[in-house]
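K.L.:
Structure in structure tokens, see below.
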Amino acid sequence: MPEDYVRIFDTTLRDGEQSPGAALRVSEKLEIARALERMGVDIIEAGFPISSPGDFEAVRAISAEIKDCIVCGLTRARKEDIDCAAEALKGARRPRIHTGLGASDNHIQYKLRTTREKALEQGVEAVRYARRYVEDVQYYAEDAGRADPDYLCRVIEAVIDAGATTVNIPDTTGYTMPEEWGALIRTLFERVPNIHKAVVSVHCHNDLGLATANALQGVRYGARQVECTINGIGERAGNTSLEEVVMALRTRRAHFGVETRIDPRHIYSISRLVSDLTGIVVQPNKAIVGRNAFAHSSGIHQDGILKDRSTYEIIDPRDIGVPESEIILSARSGRHGLRHRLEELGYVFKDAESFEPVYQRFLALADKKKTVSDRDLEAIVADQARIMSLDGYALELVQVSCGNHSMPTATVRLRTPEGTVKADAALGAGPVDAVYQAINRVIGVPNELIEFSIKAVTEGLDAIGEVTIRIRSDGQVFTGRGADTDIIVASAKAYMNALNRLIAIQREDRERALPSEEEARR
């Protein structure tokens with residue numbers, strides 16, 4: 001690869017999924033992987049195969065389908081981890097094993113409970129063992145930001161000699177300042193004699209809000225791979241944000257002098273996809289993909305934008321898949337007008353059957369509101385996708401009676417996965433609680449509600465409300481989201497979405513636990 005090329009290593013499906021409540025099903029991981037491939041990422045870290053049967057299956061499935069990206073599996077520096085990753089990656093056209101262990105004295109002493117020399121030997125042996133399976137081995141020196149530079153240089157030189165093709169330098173705790181991080185990367189290039197034989201990668205965390213700044217400093221001083229996630233999701237405060245790095249390198253090309261192969265027109269749609277599937281809401285003022293990123297409320301700003309967009313915008317919103325202007329839709333727009341606008345927003349429907357439910361919901365909303373905005377349309381499509389993605393219980397009716405002199409009562413009617421209709425009613429401490437109690441009487445799956453939040457998707461008294469909830473069952477957390485102009489209905493949809501996810505995971509766990517036909521015959 002040329003010197004001016006930076007590889008984008010996406011770890012949304014591994015480090016990103018480690019965000020609390022962000023668990024994804026195999027089918028959802030595949031959907032995100034396909035979107036990453038279309039966008040042009042170089043490497044997809046598909047999971048940590050030995051960590052769970054679900055992660056193993058996700059890596060295996062992504063390896064079998066994704067052909068235009070390197071598919072990577074994470075391991076610890078252990079033979080059993082590497083064996084498992086190699087098995088999961090068997091179907092990959094371009095497999096990579098990502099192995100390593102701590103490099104800081106803190107990790108070596110307290111986490112690994114070993115010595116520097118033994119840790120170095122273990123890392124070298126892990127690289128050599130992984131090279132028996134694949135030619136492309138990446139080594140991570142965990143907590144490199146707090147490691148002794150002399151020792152870190154020794155580790156990097158040794159693992160490259162052992163066969164590592166990429167060396168990952170992580171700021172695991174997000175502790176390092178940008179100038180310190182740049183100096184560390186420069187030190188590696190100055191003091192590791194064989195550094196030119198491997199690609200230097202940076203993996204930065206956002207505990208102090210410096211992940212993107214540190215990653216870009218790494219690029220300035222020679223790193224040619226950046227590890228990041230969509231929307232910056234990940235452990236604790238998250239990871240380097242893919243969209244921020246890509247657009248910084250693109251917008252300030254003259255400053256950095258490097259390029260990526262990312263097609264930025266996919267950024268906005270994949271941001272929405274990851275947010276919807278993980279249940280992690282993108283903050284409105286999030287750089288690049290937040291809903292306010294290209295919004296202007298100040299009269300002075302609006303005047304400037306109308307005269308010349310460059311007065312207040314350094315990025316053309318169309319470059320990341322956000323339309324330049326918002327078309328106002330009404331019930332008179334018809335199917336063609338709606339479909340055209342949705343396609344401009346990045347939503348493509350394979351057939352009339354998948355489009356029709358969205359159109360009917362659009363008509364129902366347009367009858368309640370004078371105009372329907374892009375945010376309304378996004379909420380409708382996302383909510384319908386949640387309903388269609390899970391083959392489970394469907395909400396058919398919600399009816400609530402409440403007031404300051406009455407006991408909140410709810411009646412619900414649900415359609416079961418088998419197609420039968422069941423109804424029940426319940427009392428509750430409030431209208432939402434009554435609805436949830438009634439749903440529980442029908443479905444009967446034990447769980448604990450641990451989080452409930454409401455936000456308005458659009459402005460005004462007729463705004464669509466979006467509810468996000470998290471429930472816990474057997475130690476696992478499941479996220480549900482629902483949208484409607486009636487907040488009680490949105491709450492019911494969110495609960496149904498979370499319960500269907502819970503039921504789907506339980507079903508998959510039971511199916512994995514059952515013996516195969518061949519095992520049964522034995």
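The values are calculated or read from the model by the stated rules, or taken from the named source; none is laboratory data. It should be emphasised that the depicted structure is a prediction, and the values quoted were computed from it without experimental measurement. Cβ atoms come from the backbone with ideal geometry, glycine included; neighbour counts cover every protein chain shown.
K.L.:
Have a look at 324, 356 and point out the one that is over 19 Å from residue 491 (Cα atoms), at pLDDT below 75 and among the acidic types (Asp, Glu). Break it down into steps so the answer makes sense when it comes.
P.N.:
Details: 356 fails: at pLDDT below 75.
The match here is 324.
K.L.:
Residue pairs, Cβ under 6 Å, 6 or more apart or interchain, first in the stretch 341-358 and free of Cβ contacts under 8 Å to residues at least 12 places away in the same chain, second assigned to a helix (DSSP H, G or I). List them.
P.N.:
Going by the 6 Å Cβ cut-off, the qualifying pairs are 349/355.
K.L.:
Specify which of the listed residues (48, 56) is buried (at least 24 other Cβ atoms within 10 Å of the Cβ), of a type in the set (Phe, Trp, Tyr) and in the same structural domain as residue 214 (by TED's automatic domain parsing). Break it down stepwise before answering.
P.N.:
Values: 56 fails: buried (at least 24 other Cβ atoms within 10 Å of the Cβ).
Result: 48 is the single residue among 48, 56 that is buried (at least 24 other Cβ atoms within 10 Å of the Cβ), of a type in the set (Phe, Trp, Tyr) and in the same structural domain as residue 214 (by TED's automatic domain parsing).
K.L.:
Within the set of pairs 6+ apart or on separate chains, which have a first residue in the stretch 118-136 that is without any contact (Cβ under 8 Å) to a residue 60 or more places away in the chain and more than 21 Å from residue 42 (Cβ to Cβ), a second that is in a helix (DSSP H, G or I) and charged (D, E, K, R), and C-beta atoms under 7 Å apart?
P.N.:
Correct list of pairs: 120/154; 129/79.
K.L.:
Specify which of the listed residues (172, 166) is among the polar types (S, T, N, Q), buried (at least 22 other Cβ atoms within 10 Å of the Cβ) and within 23 Å of residue 287 (Cα to Cα).
P.N.:
172
K.L.:
Take the residues of the stretch 232-248 that are part of a helix (DSSP H, G or I) and among the small types (Gly, Ala, Ser): which is nearest to residue 17 (Cα to Cα)?
P.N.:
Looking at residues that are part of a helix (DSSP H, G or I) and among the small types (Gly, Ala, Ser), I get 232.
K.L.:
Looking at 440, 447, can you tell me which residue is under 27 Å from the mean Cα position of the chain (by Cα) and at pLDDT 90 or above?
P.N.:
Result: 447 is the single residue among 440, 447 that is under 27 Å from the mean Cα position of the chain (by Cα) and at pLDDT 90 or above.
K.L.:
Please verify whether the stretch 6-16 includes one or more residues that are in contact (Cβ under 8 Å) with a residue 12 or more places away in the chain, surrounded by fewer than 18 Cβ atoms within 10 Å (Cβ to Cβ) and either farther than 25 Å from residue 246 by Cα or in the same structural domain as residue 232 (by TED's automatic domain parsing) (or both).
P.N.:
no
K.L.:
Any residue in the stretch 482-501 that is closer than 18 Å to residue 372 by Cβ sitting within a Cβ distance under 6 Å of a residue that is surrounded by 23 or more Cβ atoms within 10 Å (Cβ to Cβ) and of a type in the set (Asp, Glu)? List the pairs, counting only those 6 or more apart or interchain.
P.N.:
483/383; 483/466; 490/484
K.L.:
Still on this model: From (1) without any contact (Cβ under 8 Å) to a residue 60 or more places away in the chain; (2) hydrophobic (A, V, I, L, M, F, W, C); (3) under 21 Å from residue 472 (Cα atoms), pick out the condition that doesn't hold for residue 24.
P.N.:
(1)
K.L.:
Here's another thing I want to ask about it. Examine the stretch 182-200 for a residue that is over 16 Å from residue 74 (Cα atoms) and under 27 Å from the mean Cα position of the chain (by Cα), and state whether such a residue exists.
P.N.:
yes
K.L.:
Within the stretch 59-80, how many residues are buried (at least 18 other Cβ atoms within 10 Å of the Cβ), of a type in the set (A, V, I, L, M) and out of contact with any strand residue (DSSP E or B) (no Cβ under 6 Å at 6 or more places or on another chain)?
P.N.:
Total satisfying the criteria: 2.
K.L.:
If you take the residues in the stretch 460-478 that are part of a strand (DSSP E or B), in contact with a Ser or Thr (Cβ under 7 Å, 6 or more places away or on another chain) and touching a residue at least 40 places away in the same chain (Cβ under 8 Å), which one is surrounded by the fewest Cβ atoms within 10 Å (Cβ to Cβ)?
P.N.:
Ranking the candidates gives 470 first.
K.L.:
Return only the number of the condition from (1) within 30 Å of residue 236 (Cβ to Cβ); (2) hydrophobic (A, V, I, L, M, F, W, C); (3) at pLDDT below 90 that residue 305 does not satisfy.
P.N.:
That leaves (1) as the condition not met.
K.L.:
Could you check the stretch 411-443 and list, in sequence order, the residues that are free of Cβ contacts under 8 Å to residues at least 24 places away in the same chain and closer than 19 Å to residue 453 by Cβ?
P.N.:
Of everything in the stretch 411-443, those that are free of Cβ contacts under 8 Å to residues at least 24 places away in the same chain and closer than 19 Å to residue 453 by Cβ turn out to be 428, 429.
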